[in-house]
Amino acid sequence: MGRSFDENVDPLAQITAPPVNETPDQRRTRECKEAEARKISEQIDEALKAEREEGKAKRKNRLKILLLGQSESGKSTTVKNFQLKYAPRAWKQERLVWTTVVQLNLIKNVNSILDVLNHEMAIQTTTKVDSISNIVPAIDEQFSEKHKILKLRLAPLRGVQTDLERKLGNGRAQSASAVSGTITPTESPPIDDDLQIRRLPKEFYIRSNNSWKDRFKSGLRNTGRPRSGGSVHNVLGTWGGDEKDVSLAEWGKINAELEGITGIIAGCREDIKTLWEDELVQRTLTKRKYRVDESSGFFLNDVDRIATKNYKPSDDDIVRARLRTLGVQEHKFVFEQGKHTGTEWHIYDVGGSRSSRASWASFFDDMDAIIFLAPLSVFDEKLLEDNRVNRLQDSYELWKQVTSNKVLAGTQIILFLNKYDLLAKKLKRGVKVRDFISSYGERESTPEAAVKYFEAHFKEVHRKHSHPDRAFFVHLTSVVDTKATTVTLSVVEDSILRRHLVNAQLL
Ligand SMILES: Nc1nc2c(ncn2[C@@H]2O[C@H](COP(=O)(O)OP(=O)(O)OP(=O)(O)O)[C@@H](O)[C@H]2O)c(=O)[nH]1
Ligand SMILES: [Mg+2]
């Protein structure tokens, strides 16, 4: 039998109703308790409201930006531009830390040329050309005693490279190299391609959780904190915040450690110049299609400045220095100047090689904007991770994956078509786009025509795969040009902030 109840009686009122036989004393006690409970409840409501407001205000002042793109697309260089523009004080404090990286880049330039030279000399000293492997010297002229002596005198730089890499941290050299001195692997392959590929210089990288800067800058805070599904490491401490100056004593210690190395490099200055300016060496590099001057971290034209005992990196040196990113690095800084002073920016810089891409997705859910870098000059290059894949095609594919990603549907995405300067240089020396991108057809291989064509492709991928409400933002960049990049970043800043404020109102 079902329980009967009176539909006109509120069950909650029945439960909370005072007891039927309540005495006046009991009533007073009960009412006091109820008043106390109401007060506590109101206080909790107030605290929650204040917390919500505080969170809202914090989010209004905090922006999160994720940089994506294949390896060597210019992500870390873009971060440097942000730092240079928005946190100049902190940038200045870190200047000397970059000395070692620039020295390492320069030495790798030299060692990779010596590798080519060794290889050519070995072929030349073989009396007969090996008809099986079909390896022939790049040039007919013989290397002289001068070249042999140069090789011997520059030999200590091998050890210096190892020492510098050790000084920078536990990073390791990785064979799928994209670093300075890499043979441009895209033009018609060198005759002894296989041999040279095995001789490619290895690229040094540093794990983000082993901040090389911290080794030099013990005064800075390391606020690395784990995240679900991925790990982030703050390598720079708080930019533009209240970080300590690195004391002269600290720099003294660092410099003492590096003094020996710097001395060796300075001692090799004239020999490095002689090697780089030697006509036979230049001809060999050209014949082997070894574009060291177009590769990352190229510093051989600056030997006079860099190979000295008192070398201090310029802004331009720091921007051009190459250090591959592995993992994800969080760069947090507060705008020191400009109309958005005080805004806190968190910029996440990821490693772009294929092995690093799996971790990207764990950062997608919480970003205000993504800056996607696609280098244009790579239309004739192959991925170092997989030499069957054209680097531009790889960028198209990545762009498609990012624009079609459901988690990112509400996130603003800004495309940087980067390395325009290198594209123009490459086309000027006669490389034809249609030789590498068959769909390019009979269009002229001028920078303007190529940019128009590549941009149209990215736009089309966006139109097909992106969320329909998302606008297509694109900038043509050469992020090593800090002056021009400053202007681009101002536009980007406005656009991200405008969107961010709209979202913040909706919170
Ligand atoms: N000439 C020229 N060089 C550039 C440009 N952008 C980046 N570079 C250089 O290319 C190299 C690679 O740039 P990075 O910023 O380290 O590339 P990344 O995307 O961070 O690469 P990973 O850390 O491997 O993912 C550096 O030596 C830069 O100086 C550009 O627009 N023009
Ligand atoms: Mg990087």
remark   = Out of Leu300, Gly351, Phe333 - ranked by how far each Cα lies towards the positive end of the dipole of the stretch 273-381, with unit charges on the beta-carbon of charged residues - the top one is Leu300
ask   = Rounded if a/c is under 1.5, else prolate if a/b is larger than b/c, else oblate: which is the stretch 60-118, with a ≥ b ≥ c the root eigenvalues of its Cα gyration tensor?
value = oblate
request  = Write down the Å³ per residue value for the convex hull defined by the alpha carbon atoms of the stretch 405-449.
outcome  = 115
ask   = When you count, for each residue, the other Cβ atoms within 10 Å and take the mean per peptide, how do 26-34, 78-86 rank with the highest first?
value = 78-86, 26-34
key: Listed peptides 427-434, 281-288, 365-372 by packing density, highest first (mean Cβ within 10 Å)   = 365-372, 281-288, 427-434
query = Taking the simple approach of a point 7 Å from Cα along Cα-to-Cβ for both Glu53 and Lys309, what is their distance in nm?
reply = 6.3
query = How would you classify the stretch 268-400 from its alpha-carbon gyration tensor, with a ≥ b ≥ c the square roots of the eigenvalues: rounded for a/c under 1.5, else prolate if a/b is greater than b/c, otherwise oblate?
reply = oblate
ask   = Is the shape of the stretch 396-507 best called rounded, prolate or oblate, per the rule: a/c under 1.5 gives rounded, else a/b larger than b/c gives prolate, else oblate, with a ≥ b ≥ c the square roots of the Cα gyration tensor eigenvalues?
value = oblate
remark   = Of the accessible area of the stretch 375-468, computed with a 1.4 Å probe and all protein chains kept, carbon and sulfur make up a percent value of 49
task = Quickly work out the Arg463-to-Gln14 label distance, labels modelled 7 Å from Cα along the C-beta direction, and quote it in nm with one decimal.
result = 6.8
inquiry  = Can you give me the distance in nm between label points at Ser495 and Ala456, each placed 7 Å from the Cα along the Cα-to-Cβ direction?
reply    = 2.1
message = Taking 25 Å as R0, compute the FRET efficiency from the Cβ-Cβ separation of Glu277 and Lys483 and round it to 0.05.
response = 0.25
task = Pop the C-beta distance of Lys425 and Glu259 into the FRET formula with R0 = 35 Å and round what comes out to the nearest 0.05.
result = 0.40
ask   = Which value in Å does the Kirkwood hydrodynamic radius of the stretch 361-453 take, with 1/r averaged over all unlike C-alpha pairs and then inverted?
value = 14.6
note = Burial-style ranking of 469-477, 94-102, 9-17, average other-beta-carbon count within 10 Å with highest first, yields 94-102, 469-477, 9-17
inquiry  = Positive end of the dipole of the stretch 377-481, charges at C-beta (+1 Lys, Arg; -1 Asp, Glu), about the Cα centre: which of Thr403, His465, Leu423 has its Cα farthest in that direction?
reply    = His465
request  = With a Förster radius of 30 Å, plug the Cβ-Cβ distance of Thr341 and Asp366 into 1/(1 + (r/R0)^6) and report the FRET value to the nearest 0.05.
outcome  = 0.80
key: Length added when fully stretched, Arg153-Ala35, from 0.36 nm per residue minus Cα-Cα   = 33.5 nm
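The values are calculated or read from the model by the stated rules, or taken from the named source; none is laboratory data. From a predicted model like this one, the values you see are computed outputs, not experimental measurements. Here Cβ is always computed from backbone atoms with ideal geometry, including for glycine, and neighbour counts include all displayed protein chains. Side chains included, ligands, DNA and RNA excluded: accessible areas come from the protein's heavy atoms. Shrake-Rupley method; radii C 1.70, N 1.55, O 1.52, S 1.80 Å.
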